[in-house]
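A quick write-up on the structure given underneath.
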Amino acid sequence: MARTISADDRIFELRLARSAPDLFPMLEALYGSRPDYPAFRERLVKVLRKGWAERPEDLKLLDLKRDLEPDWFQRPDMAGYVFYIDRFAGDLKGVLDRLDYLEDLGITYVHLMPCLKPRPGDSDGGYSVMDYRQINPTYGSMTDFEAVSAALRARGMSLCVDLVLNHTAKEHAWARKAAKGDPKYRDYYLMFDSPDLPRLYEQTLVEVFPDNAPGNFTHYPEIGKWVWTTFNEHQWDLNWANPAVFLEIVEVMLFLANKGVDVLRLDAVAFMWKRLGTRCQSEPEVHMILQALRACSRIASAAVIHLEEAIVAPAEMLPYLGRGRHDGKEGNLAYHNSLMVQFWSALATRDTRLMTHVMGTHFPDRLTNATYATYIRCHDDIGWAVTDEDAAAVGLSGHGHRAFLSDFYEGSFPGTFAKGALFQVNEATGDKRISGSFASLAGLERATDDAGRDMAVQRILLGHALIAAWGGIPLIYMGDELALLNDWSYLDHPDHAHDSRWVHRPRMDWALAAERHRGETPSARVFRGTRTILARRRATPALHAAHPVRVVPSGNDAVLAVQRLAPTGALLGLFNFTEDWQHLPESRVRALGVTALRDELSDAIVTPHAGQIVLPPYGRVWLT
């Protein structure tokens with residue numbers, strides 16, 4: 001008697017057939033020459049089938065819904081909020097008590113900063129993971145995590161979590177077995193019997209944390225090995241040339257997907273493949289691996305999308321959203337680091353020429369089945385990713401401009417409004433990165449009067465209006481909606497004092513949040529302004545991420561002009577990056593596609609004055 005094939009089995013086979021052309025050619029290129037490749041391929045299909053069979057019914061229904069609405073993450077009702085669980089709500093149960101706050105703000109995407117079980121002590125902010133299948137016990141249990149994911153889903157909010165792909169903690173079970181000499185698990189990592197090869201690799205590698213973790217290898221006399229440790233001594237790089245590592249990570253991905261994760265933020269992806277004589281960043285095999293991982297998600301958890309964390313230059317970043325053979329097949333989201341850097345650059349110079357050049361020259365006007373995660377601040381530092389060539393294109397010295405930005409935002413440049421802290425100063429290259437909260441870098445911490453505080457508020461709302469209008473998913477980093485200042489108490493904490501990034505990782509001020517709907521404090525004004533920006537974004541179909549984005553000369557160097565070319569007509573975003581009133585000829589604005597002079601951001605008509613569109617200090621409009 002023939003076996004009856006269930007509807008679930010048929011769906012799996014259909015999805016496997018759909019994604020097989022995206023999956024198997026990548027795996028054959030990576031691993032096909034190995035004698036164990038046929039067994040690996042067979043095992044992978046079993047892992048995918050098992051993941052699908054174990055998927056809860058409500059998530060299978062969500063898979064179907066998102067198959068029918070593949071643009072769900074590109075729609076203008078998407079708005080994200082990013083936070084450390086302990087600093088936002090104490091633990092996962094506390095998060096449940098704060099969902100009304102997120103809904104009030106207009107959030108539909110929640111990124112829980114690293115929440116998988118880290119190593120004890122210094123864990124690189126949670127990115128040194130010792131168990132992918134357990135939650136950090138400080139935050140709660142996997143049961144608590146599932147309760148949060150279910151509560152978010154009930155409110156129409158998507159859940160994002162971090163999955164570190166380049167390395168594990170040295171305390172991970174795989175690493176412990178490798179340290180004990182198990183040959184299977186030693187092949188999970190990059191271990192060397194002598195320093196000879198590491199020295200050759202070091203000739204072309206860069207140091208990620210030169211101050212705290214110089215070099216890229218660590219010698220362990222007790223096991224007689226030199227281990228590849230790109231980031232920190234306690235973070236052992238995985239050997240992605242071993243297909244067993246690929247299998248292990250797929251199983252982890254499906255485990256998390258079946259716990260209700262909607263977005264996997266794949267951390268440190270640029271470093272995954274090593275090649276002698278290179279920086280060992282963004283090698284072609286990285287993109288093959290990432291395309292194959294995405295295909296696995298589409299087969300066994302189709303509702304899940306991938307956010308690929310690669311904070312690199314535009315030409316290097318765009319392939320993570322799919323270029324060439326990977327177009328439409330790799331990451332669904334990537335951080336728009338250049339937009340963030342150019343925002344701060346234009347804010348300091350009061351000049352948008354560099355921003356217009358970079359954003360208008362290096363980025364396509366649309367992406368295939370992918371979009372950006374846009375942000376002004378995050379948990380990390382700001383690196384001044386301005387190339388010498390781009391700086392020269394607008395008459396600047398690249399080295400001089402980068403040095404100016406660091407001095408300006410540290411707070412040492414004469415006349416600056418900002419207050420930040422230096423991070424990872426590299427004396428050899430002159431590279432100086434910056435830490436600081438949005439509000440402090442925007443001038444609120446240094447402001448001494450109402451006029452200064454008002455300018456800081458307007459700078460913050462300018463940034464939020466920009467990322468909301470760009471297309472993609474705007475991400476609000478915890479506390480930025482309340483204009484939280486730098487937290488200098490990190491210097492008193494032994495585990496944090498060496499890392500200035502903790503200055504912009506304050507604890508949530510719930511007393512301040514309780515006053516958000518009343519009064520005229522900077523905090524209340526920023527919250528209400530941000531809430532309005534997200535509400536107007538939801539009401540503006542032209543901001544769908546699939547519509548082309550074009551940066552065009554505004555005719556006024558102080559004003560950034562961004563076109564959104566929707567089928568129903570153009571939307572023109574104008575952003576004044578100065579503390580002065582600015583004017584643009586009405587004729588210029590109309591030539592850029594504006595017909596009705598309606599500002600979708602304020603939901604009002606803009607009236608020209610003497611043939612000029614007038615923008616107040618740090619003014620912003622979305623004109624249709």
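The values are calculated or read from the model by the stated rules, or taken from the named source; none is laboratory data. Predicted model only: the values in this text are computed from it and were never measured. Reconstructed Cβ throughout: ideal geometry from the backbone, glycine too, with neighbour counts over all protein chains shown. For the accessible areas, the whole protein counts, side chains as well, though only heavy atoms, and no ligand, DNA or RNA atoms are used. Shrake-Rupley method; radii C 1.70, N 1.55, O 1.52, S 1.80 Å.
Can you tell me which residue is nearest to L16 (Cα to Cα) among those in the stretch 261-299 that are assigned to a helix (DSSP H, G or I) and of a type in the set (S, T, N, Q)?
Pass one, the stretch 261-299, residues assigned to a helix (DSSP H, G or I): 269-271, 284-299.
Retained after the next criterion (residues that are of a type in the set (S, T, N, Q)): 291, 297.
Numbers: Q291: 14, S297: 10 Å.
My answer is S297.
Before we move on, is D365 in contact with a helix residue (DSSP H, G or I) (Cβ under 7 Å, 6 or more places away or on another chain) and among the acidic types (D, E)?
It is false that D365 is in contact with a helix residue (DSSP H, G or I) (Cβ under 7 Å, 6 or more places away or on another chain) and among the acidic types (D, E).
With under 27 Å from A439 (Cα atoms), of a type in the set (V, I, T) and over 29 Å from the mean Cα position of the chain (by Cα) as the only criterion, which of T532, T607, T521, T624 stands out?
Exactly one residue qualifies, and that residue is T521.
Looking only at helices (runs of 4 or more DSSP H) that fall completely inside the stretch 36-109, which ones have 2 or more residues that are within 30 Å of Y490 (Cα to Cα) and out of contact with any Pro (no Cβ under 7 Å at 6 or more places or on another chain)?
Working: elements: 37-53, 57-68, 85-89, 92-96, 99-105.
It comes to 85-89, 92-96, 99-105.
Given the criteria buried (at least 24 other Cβ atoms within 10 Å of the Cβ) and within 18 Å of the chain's Cα centre (by Cα), does A310 qualify? Outline the logic, then answer.
Values: buried (at least 24 other Cβ atoms within 10 Å of the Cβ): yes; within 18 Å of the chain's Cα centre (by Cα): yes.
So A310 passes the test.
Show me the strands (runs of 3 or more DSSP E) found entirely inside the stretch 414-499 where at least 2 residues are at pLDDT below 95.
Because the criterion is at least 2 residues that are at pLDDT below 95, the strands (runs of 3 or more DSSP E) in the stretch 414-499 that meet it are 421-426, 431-435.
Could you list, ordered by first residue, the pairs with Cβ atoms under 6 Å in which the first is in the stretch 466-491 and closer than 16 Å to R528 by Cβ and open to solvent by less than 20 Å² (accessible area, probe 1.4 Å) and the second is aromatic (F, W, Y) and not in a loop (DSSP other than H, G, I, E, B), at least 6 apart or interchain?
Taking only residues 6 or more apart or on different chains, the pairs are I476/Y81; D480/F438; E481/F527; L482/F527.
Of the conditions (1) in contact (Cβ under 8 Å) with a residue 24 or more places away in the chain; (2) open to solvent by 10 Å² or more (accessible area, probe 1.4 Å); (3) assigned to a helix (DSSP H, G or I), E13 satisfies every one except a single condition; which number is it?
For E13, the exception is condition (1).
Just need a number here: residues in the stretch 205-236 that are at pLDDT 95 or above and surrounded by fewer than 18 Cβ atoms within 10 Å (Cβ to Cβ).
7
One line per residue, one yes/no per condition, for (1) surrounded by 16 or more Cβ atoms within 10 Å (Cβ to Cβ); (2) of a type in the set (G, A, S); (3) more than 29 Å from G324 (Cα to Cα):
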site: D9; (1), (2), (3): no, no, yes
site: A17; (1), (2), (3): no, yes, no
site: L30; (1), (2), (3): yes, no, no
site: K50; (1), (2), (3): no, no, yes
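Of the residues in the stretch 369-421, how many are under 22 Å from the mean Cα position of the chain (by Cα) and at positive phi?
The total comes to 1.
Only one of V227, V208, V161 is assigned to a strand (DSSP E or B), within 28 Å of T429 (Cα to Cα) and touching a helix residue (DSSP H, G or I) at 6+ places or on another chain (Cβ under 9 Å). Can you tell me which?
After applying the criteria, what remains is V227.
Residue by residue through the stretch 432-457, note down the ones that are open to solvent by 30 Å² or more (accessible area, probe 1.4 Å) and within 22 Å of the chain's Cα centre (by Cα).
Correct list: K432, R433.
Could you please give the count of residues in the stretch 566-614 that are assigned to a strand (DSSP E or B), touching a Lys or Arg at 6+ places or on another chain (Cβ under 7 Å) and surrounded by fewer than 16 Cβ atoms within 10 Å (Cβ to Cβ)?
Summing the residues that are assigned to a strand (DSSP E or B), touching a Lys or Arg at 6+ places or on another chain (Cβ under 7 Å) and surrounded by fewer than 16 Cβ atoms within 10 Å (Cβ to Cβ) in the stretch 566-614 gives 1.
Scan the stretch 316-336 residue by residue and report those that are open to solvent by 10 Å² or more (accessible area, probe 1.4 Å) and under 17 Å from the mean Cα position of the chain (by Cα).
Correct list: E316, L318, P319, Y335.
Of the conditions (1) assigned to a strand (DSSP E or B); (2) under 17 Å from L264 (Cβ atoms), M130 satisfies every one except a single condition; which number is it?
Going through the list (1) assigned to a strand (DSSP E or B); (2) under 17 Å from L264 (Cβ atoms), M130 breaks only (2).
Mind counting the residues in the stretch 121-133 that are open to solvent by 20 Å² or more (accessible area, probe 1.4 Å) and modelled with pLDDT of 95 or more?
3
Out of A403, A421, which single residue is among the aliphatic types (A, V, I, L, M), surrounded by fewer than 17 Cβ atoms within 10 Å (Cβ to Cβ) and closer than 23 Å to G443 by Cα? If you could, list the steps in order and put the result at the bottom.
Numbers: A421 fails: surrounded by fewer than 17 Cβ atoms within 10 Å (Cβ to Cβ).
A403 is the lone residue from the list that is among the aliphatic types (A, V, I, L, M), surrounded by fewer than 17 Cβ atoms within 10 Å (Cβ to Cβ) and closer than 23 Å to G443 by Cα.
Is it fair to say R538 is touching a strand residue (DSSP E or B) at 6+ places or on another chain (Cβ under 7 Å), open to solvent by 40 Å² or more (accessible area, probe 1.4 Å) and of a type in the set (K, R)?
no
Determine whether the stretch 140-152 contains at least one residue that is among the small types (G, A, S) and buried (at least 20 other Cβ atoms within 10 Å of the Cβ).
Yes; the residues of the stretch 140-152 include at least one that is among the small types (G, A, S) and buried (at least 20 other Cβ atoms within 10 Å of the Cβ).
What's the number of the condition C280 fails, among (1) within 22 Å of the chain's Cα centre (by Cα); (2) on the phi < 0 side of the Ramachandran plot?
So C280 meets the others, but not (2).
Name the pairs: first residue in the stretch 314-328 and modelled with pLDDT of 90 or more, second residue acidic (D, E), Cβ to Cβ under 6 Å, at least 6 apart or on different chains?
Y320/E308; G322/E330
Inside the stretch 166-191, can you point out the residues that are over 30 Å from the mean Cα position of the chain (by Cα), within 16 Å of A241 (Cα to Cα) and not aromatic (F, W, Y)?
Correct list: P183, K184, R186, D187, M191.
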